[in-house]
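See below for the structure under consideration.
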Amino acid sequence: MYHSTYYRIPKRQKGPIVIHAYDMIHELYNGDNKTIKKKKTAFETADLIIAISQSTKDDICHLYGIDPSIIVVAYPGVSDVFRSRHSDTVSRSEQRSDDSRPFFLYVGHRGWYKNFDILLNVFIERRYYQDFDLILVGGTKTLSAKQQGAINRTGTRQWLKQKYCDDMELANLYANATVFICTSLYEGFGIPLIEAMACGCPIIGPNTSSIPEVIGDTGLLFDPKDPSDLAKQIERVVNDVSLSNALSEKGRLRSENFTWQAMADTIHQVYLKLT
């Protein structure tokens with residue numbers, strides 16, 4: 001058996017071929033044609049495809065005409081470091097122990113389909129920077145000229161902070177954020193969502209692709225092309241402590257359904273059927 005983790009097919013292989021599939025970003029957002037061709041060959045050769053969400057499975061079937069019976073969904077998990085950063089007894093409004101300002105958290109790169117500008121624009125237009133910081137984790141160090149211009153018009157940059165940190169530091173950010181906001185137009189799964197949930201951080205995410213499937217009723221959804229809808233959901237979290245705490249607890253409990261052991265067990269069971 002050969003299990004390819006990124007669409008590579010061996011030239012000589014006598015046993016079954018398993019392909020791990022993550023998302024259809026290249027196909028849906030004018031990505032690299034070489035990658036698309038590589039994926040097509042892999043899918044058409046595979047005896048079994050492991051998809052990281054039902055959304056990804058549906059996209060594979062739709063875009064490549066693959067028989068759904070050879071595709072199995074196995075959800076990713078989350079590191080235990082994130083599960084250790086929640087509190088069962090302390091309200092989120094009481095968690096902060098330092099003198100820093102409350103903050104919104106964004107994790108990941110900010111280009112292409114990630115749709116980051118909707119968050120930046122809402123944050124500025126609604127003047128959240130007067131009471132909150134916006135912390136960006138990961139991505140490039142530089143912002144676009146348009147983004148820089150919008151930030152400069154607020155009269156200060158002190159509210160925008162960029163960080164590059166390890167999992168423990170990131171877990172601390174999740175645990176103390178007022179809200180974690182995902183703005184992406186498309187995700188094959190969205191591991192930061194589970195990381196935030198495991199840390200007890202309220203989530204706002206787009207109502208597209210795999211996001212509703214992952215967060216269920218534990219977060220607030222918005223139309224990623226409608227800034228007013230994003231602002232509406234932010235207002236709900238910011239102004240309703242009871243809602244914030246409820247989302248925190250529900251997300252933490254739901255995150256327990258996503259473990260690397262569960263993923264491994266699912267894959268092991270389908271391995272047994274192939275051998």
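The values are calculated or read from the model by the stated rules, or taken from the named source; none is laboratory data. As the structure is a computational prediction, the values presented were derived from the model and not from experiment. Reconstructed Cβ throughout: ideal geometry from the backbone, glycine too, with neighbour counts over all protein chains shown.
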- Query: Among the residues of the range 252-274, is there at least one that is farther than 16 Å from Gln54 by Cβ, modelled with pLDDT under 95 and touching an Asp or Glu at 6+ places or on another chain (Cβ under 8 Å)?
  - Reply: yes
Filtering helices (runs of 4 or more DSSP H) wholly in the range 20-72 for at least 2 residues that are over 20 Å from the mean Cα position of the chain (by Cα) and farther than 24 Å from Met263 by Cβ gives 33-45
Scanning the range 213-250 residue by residue, those out of contact with any helix residue (DSSP H, G or I) (no Cβ under 7 Å at 6 or more places or on another chain) and among the small types (Gly, Ala, Ser) turn out to be Ser228, Ser242, Ala246
The range 99-199: strands (runs of 3 or more DSSP E) wholly inside it with 2 or more residues that are out of contact with any Ser or Thr (no Cβ under 8 Å at 6 or more places or on another chain) and either assigned by TED's automatic domain parsing to the domain that holds Ile60 or surrounded by fewer than 18 Cβ atoms within 10 Å (Cβ to Cβ) (or both) are 160-163
Of the conditions (1) out of contact with any Leu (no Cβ under 9 Å at 6 or more places or on another chain); (2) crowded, with 19+ Cβ neighbours inside 10 Å, the single one that Ile211 does not satisfy is (1)
Ser210 passes all but one of the listed conditions (1) at positive phi; (2) in contact with a Ser or Thr (Cβ under 7 Å, 6 or more places away or on another chain); (3) not β-branched (Val, Ile, Thr); the exception is number (1)
Do we have any residue at all in the range 227-244 that's part of a helix (DSSP H, G or I), assigned by TED's automatic domain parsing to the domain that holds Asp131 and within 18 Å of Gly138 (Cα to Cα)?
no
Filtering the range 21-65 down to residues that are farther than 17 Å from Tyr75 by Cβ and of a type in the set (D, E, K, R) yields Glu27, Asp32, Lys34, Lys37, Lys38, Lys39, Lys40, Glu44, Asp47
Report whether or not Arg252 is of a type in the set (Lys, Arg) and surrounded by 16 or more Cβ atoms within 10 Å (Cβ to Cβ). yes
Gly216: passes all of (1) on the phi > 0 side of the Ramachandran plot; (2) surrounded by 19 or more Cβ atoms within 10 Å (Cβ to Cβ); (3) of a type outside the set (S, T, N, Q); (4) without any contact (Cβ under 8 Å) to a residue 40 or more places away in the chain but (2)
